[in-house]
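Notes for the one structure printed next.
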Amino acid sequence: MELVEIVILAVVIALAAVGLVGGLVVGSRKKKLPPPPPSTPTITPPAEPKVGEEAETPRDEARRTIDEVGLPDATAPAVEAPVVETPAPPALEVPEPTEGRLVRLRARLARSQNSLGKGLLTLLSRDNLDEDTWEEIEDTLLTADVGVAPTQELVERLRERVRVLGTRTPEELRALLREELITLLGPDLDREVRTEGGAETPGVVMVVGVNGTGKTTTTGKLARVLVADGRSVVLGAADTFRAAAADQLQTWGERVGARTVRGPEGGDPASIAYDAVKEGIAEGADVVLVDTAGRLHTKTGLMDELGKVKRVVEKHGPLDEVLLVLDATTGQNGLVQARVFAEVVDITGIVLTKLDGTAKGGIVIAVQRELGVPVKLIGLGEGPDDLAPFEPGAFVDALIGD
């Protein structure tokens, strides 16, 4: 009996042990399993508003009347808008009057040009004026760009007067040379720049020339001369080919209060010139200055276009002045240019720029003889007031010195 109880007890203990081990294994497996995924929330779409018979009865809500709405305090300071400062226009320049600039230009011309006059006086002062000396005088004049025909004429006149004069003091020689040079320059030529215009139209001046002679700069400087003389000016920027030409001319005008009429780059220059004169008439301006594009005198198409500009401008009335701008340093080549321009647009006056520096001075005589047109203005530097009327007497005094 005791043996049976012992066996039963052993079986019970064994079953208990097996149950315990199984529970531990199952528990450990449960710990290793991943957590279940979270449940997806249910999203309820918002109810669409109902209309017509299905519309709900509006609910009563608390509302405020206009009297219950608070208003800004009238005594509170108003917020001021920021003040945007408009830049002040540039101060207008006061151009130098004609009289003052002539004195300064005479001195500058004398410093740069009197080598010609001194060379001639030295040769004429020789005791024996033989053929070799007269040939040297001719060479001196030709080198100074006086031209062949004027040189021969001057030498013949000098030879005759020196022979008649006999004795030749330095003062007599200087007076003799001065008189003959002034005669060559044509002291009786009308050198006034015509800018008067008609009773109801302004004076119209067209400025022409080849590339690089300084037409735009000359137009701006001429505007300063006219403003200094109390004239009102409108500028026409008809040079539509050169980049920034219109900007350059406008800058010149703004300095003295002259308005610039301009168009798009590459536009029709004749149209712009026409509009400039039209604006000048509307404003009651005294003078309209039309700056044209530089062109090679060998380009037939461009020269024909210049003629078109002239014809279109003349629809308002006749041109008062056509100024040809020549670079004095080009010498005899400038004469070739001058001939072609004179054939196309009927030049009435010449402006010689860069007459200081390497210019020889004699080109003044040559170009007048070639065209039969007077030199009316000369430029002697890069300054804004370095443009002045041409005076034969002052020019010759600068050539031969005091």
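The values are calculated or read from the model by the stated rules, or taken from the named source; none is laboratory data. As the structure is a prediction and not an experimental result, all values here were calculated from the model. Note: ideal-geometry Cβ built from the backbone for every residue, glycine included; neighbour counts use all protein chains shown. Protein only, heavy atoms only, side chains kept; ligands, DNA and RNA dropped before computing areas. Shrake-Rupley method; radii C 1.70, N 1.55, O 1.52, S 1.80 Å.
Structure above, values below:
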{"item": "Inter-part distance where the stretch 335-387 and the stretch 251-281 are each reduced to a Cα centre, Å", "result": "25"}
{"item": "Heavy-atom accessible area per residue - the stretch 171-252, 1.4 Å, Å²", "result": "39"}
{"item": "Residues whose placed amide H lies under 5 Å from that of residue 388, excluding near-sequence neighbours", "result": "378"}
{"item": "At most 16 other Cβ within 10 Å, DSSP loop - GluC sites (Glu not before Pro), the stretch 319-401", "result": "382"}
{"item": "Difference of contour (0.36 nm per residue) and Cα-Cα distance, residue 188 to residue 336", "result": "50.8 nm"}
{"item": "Computed accessible area, residue 262, all protein chains, 1.4 angstrom probe, square angstrom", "result": "100"}
{"item": "Out-of-range pairs (alpha-carbon distance over 24 Å; input 308/354; 278/308; 221/310; 278/310)", "result": "308/354"}
{"item": "The stretch 233-376: proportion of alpha-carbon pairs further apart than 27 angstrom, %", "result": "24"}
{"item": "Debye log10 I(q)/I(0) for the stretch 113-156, one point scatterer per Cα, at q = 0.21, 0.22, 0.23 Å⁻¹", "result": "-0.64, -0.70, -0.76"}
{"item": "Virtual spin-label span in nm between residue 271 and residue 138, 7 Å along Cα→Cβ", "result": "5.7"}
{"item": "Residue 377 accessible area, 1.4 Å probe, all protein chains in place, Å² to nearest 10", "result": "10"}
{"item": "Semi-axis lengths (Å, descending) of the ellipsoid that matches the C-alpha gyration tensor of the stretch 137-216", "result": "38, 18, 10"}
{"item": "Residue 278 - accessible surface, heavy atoms, 1.4 Å probe, Å² rounded to 10", "result": "120"}
